[in-house]
Amino acid sequence: MSGAIRVAIVGCGGITSAHLNGIRILQQSGLDDVQVTLLCSRNLENAARYNKRGDAPPPLPPIVPWRDDPLNIRDVYVTDLHPGLPAELCNDWRKAVVSPDVDAVIILASVGVHHTIGCAALTAGKHVLIEKPFAITVRAARKLCEIAHERGLSLGVAKSLRYKRETRSARWALDNGYIGKLDMVAHVSLGSVWSPDKIVGRTPWRHHKLETGSGILMDIGSHLFDKVRYVCGEFDTVSGITRTLEPFRTTRDDAGHIIAHTDCDVEDTAFATAVFTNGAIGTFSMSWATHGEPASLPGGTALFGDLGCIKEGKLISEREGVRVLEDLFVRSAPKGIQEEWFPRGVTDAFALELHEFFRSIREGRSPETSGIEGLRDVAACYSVVESSVRGECVRFEDVANCRVETYQRAINDQLGLG
């Protein structure tokens with residue numbers, strides 16, 4: 001493809017600014033020629049929030065307290081990317097995906113419609129990038145991948161965590177034997193800003209099975225399992241236990257009064273053990289329902305080999321002592337690898353995932369975080385849920401190939417994918 005890649009963004013919520021900022025970084029670095037030609041949201045005012053600087057409703061308020069979280073990026077507009085060329089505004093995704101002024105569609109809408117919008121966009125001949133989680137079920141993910149393959153289109157999933165330097169550094173260190181043979185992986189994150197009973201992201205759909213699939217596993221686990229699969233290898237078997245400990249969730253004002261509430265019928269707590277195909281074992285624990293204080297492993301995830309470990313951003317070796325992992329990567333990794341992973345010194349994860357997607361379009365191939373990768377991340381999440389529902393260990397490949405889908409059956413029936 002020659003000339004600018006023309007992009008439609010469908011779904012204009014709090015993560016939109018992070019994607020626009022990623023495109024801005026790519027333009028400033030001279031990496032990609034992209035024009036956002038269309039913004040689509042059911043509420044046109046939400047689309048307008050990201051269009052024209054100086055002529056837009058105020059940005060949506062931040063929903064998380066961490067200043068460096070992508071959800072807190074604000075003050076980025078389409079006209080910052082290409083002055084004098086605002087995007088067309090639209091409130092019907094059906095029109096957006098067939099627009100002749102669009103080459104690629106970035107879907108940032110809620111997960112329950114990822115499959116529907118994505119399939120329509122691919123059928124219309126558009127390349128598609130979908131925010132995580134990729135699809136509401138494994139079968140829905142498989143349908144997206146089938147259409148993209150049939151039509152020779154680029155299909156990707158927005159998995160920014162994989163593109164962060166800490167993730168790339170861990171993969172490089174493991175591949176180069178810095179901690180020896182991988183033996184164990186551990187992740188513990190019990191408690192969050194949404195504990196014990198807050199509506200996550202102030203978006204009730206995240207707690208409804210037929211709209212979101214599963215709960216914390218799809219929301220947080222999809223990022224975690226993509227990182228773990230990328231760094232450590234594929235799962236072989238998974239055993240899981242999930243619970244809904246807080247079946248009623250609320251949003252409260254500053255005085256503590258309930259201003260919104262919803263029932264919850266998906267898991268808010270999950271524990272899993274896994275065996276990797278390389279023989280390593282892993283344990284994963286997460287919850288949005290803890291009372292009192294949270295209990296987490298510092299840094300979230302730790303890797304243990306037979307010569308050392310990686311945790312809290314440090315490589316701790318029996319032979320070399322303690323080193324900062326990212327510093328080691330910058331000093332020791334081949335310049336070719338560093339340039340491949342961080343072209344022109346760009347380290348913003350959203351910019352990097354978008355660059356890989358745009359590059360895949362121009363080169364006529366699948367992006368690194370392809371639809372198949374998105375499918376396998378969804379399968380990893382559902383392996384835990386399906387194991388819990390069935391009360392037995394499941395093989396990851398059985399879930400990924402839709403041979404085990406007890407929990408997902410009602411969702412697939414709703415989508416007409418049964």
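Quick notes on this structure:
- Members of region 60-94 found to be of a type in the set (F, W, Y) and out of contact with any Gly (no Cβ under 9 Å at 6 or more places or on another chain), listed by number: W66
- Residue, surrounded by the fewest Cβ atoms within 10 Å (Cβ to Cβ), within region 401-418, restricted to residues that are assigned to a helix (DSSP H, G or I) and either within 23 Å of the chain's Cα centre (by Cα) or among the hydrophobic types (A, V, I, L, M, F, W, C) (or both): A410
- Residues that are farther than 19 Å from A4 by Cβ and either surrounded by fewer than 18 Cβ atoms within 10 Å (Cβ to Cβ) or of a type in the set (A, V, I, L, M) (or both), drawn from region 347-367: T347, A349, L352, R365
- Subset of region 276-291 (residues that are buried (at least 17 other Cβ atoms within 10 Å of the Cβ) and more than 22 Å from the chain's Cα centre (by Cα)): A280, T290
- Close contacts from region 175-199, counting a first residue that is in contact (Cβ under 8 Å) with a residue 40 or more places away in the chain and a second that is aromatic (F, W, Y), with Cβ to Cβ under 6 Å and a gap of 6+ residues or different chains, come to D183/F304; M184/F304; H187/F284; S192/W288; W194/W288; S195/W288.
- Options G256, G313: the member that is within 22 Å of the chain's Cα centre (by Cα), surrounded by fewer than 17 Cβ atoms within 10 Å (Cβ to Cβ) and either hydrophobic (A, V, I, L, M, F, W, C) or not assigned by TED's automatic domain parsing to the domain that holds L129 (or both): G313
- Filter result for D92 (in the same structural domain as G299 (by TED's automatic domain parsing) and acidic (D, E)): no
- Taking every residue in region 212-234 that is closer than 19 Å to S370 by Cα and pairing it with any residue that is β-branched (V, I, T) and assigned to a helix (DSSP H, G or I), at least 6 positions away or on another chain, the pairs with Cβ-Cβ distances below 6 Å are K227/T167.
- For region 138-243, the helices (runs of 4 or more DSSP H) that sit wholly inside it and include 3 or more residues that are more than 18 Å from A109 (Cβ to Cβ) are 138-151, 165-175, 222-232.
- Screening V238 with (1) among the hydrophobic types (A, V, I, L, M, F, W, C); (2) assigned by TED's automatic domain parsing to the domain that holds I63; (3) within 17 Å of A400 (Cβ to Cβ) gives one miss only, at (2).
- Of all residues in region 237-251 being in contact (Cβ under 8 Å) with a residue 40 or more places away in the chain and over 22 Å from V188 (Cβ atoms), the one that is surrounded by the most Cβ atoms within 10 Å (Cβ to Cβ): R249
- Exclusive hit being farther than 29 Å from G371 by Cβ and modelled with pLDDT under 95, set D263, D253: D253
- The sole residue among Y230, Y163 that is buried (at least 18 other Cβ atoms within 10 Å of the Cβ), under 14 Å from the mean Cα position of the chain (by Cα), at pLDDT 95 or above and more than 27 Å from E405 (Cα to Cα) is Y163.
- When V322 is tested against (1) more than 22 Å from the chain's Cα centre (by Cα); (2) touching a residue at least 40 places away in the same chain (Cβ under 8 Å), only condition (2) is not met.
- Qualifying residue in region 319-342 (condition: under 25 Å from W194 (Cβ atoms) and either among the basic types (K, R) or surrounded by fewer than 17 Cβ atoms within 10 Å (Cβ to Cβ) (or both)): no
- First in region 394-409 and not assigned by TED's automatic domain parsing to the domain that holds F225, second anywhere and assigned to a loop (DSSP other than H, G, I, E, B) and surrounded by 15 or more Cβ atoms within 10 Å (Cβ to Cβ), Cβ under 6 Å, 6 or more apart: V394/V404; D398/V404; Q408/T137
- Any helices (runs of 4 or more DSSP H) falling wholly within region 32-119 and containing at least 1 residues that are free of Cβ contacts under 8 Å to residues at least 60 places away in the same chain and surrounded by fewer than 17 Cβ atoms within 10 Å (Cβ to Cβ): 44-48, 93-96
Okay, residues lined up against (1) of a type outside the set (A, V, I, L, M, F, W, C); (2) under 21 Å from A272 (Cα atoms):
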site	(1), (2)
I130	no, no
R142	yes, no
V157	no, no
A170	no, no
D175	yes, no
Y178	yes, no
D183	yes, yes
S192	yes, yes
D197	yes, no
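The values are calculated or read from the model by the stated rules, or taken from the named source; none is laboratory data. Remember, it's a predicted structure, so these values are computed and weren't measured experimentally. All Cβ positions, glycine included, derive from the backbone under ideal geometry; neighbour counts span all protein chains shown.
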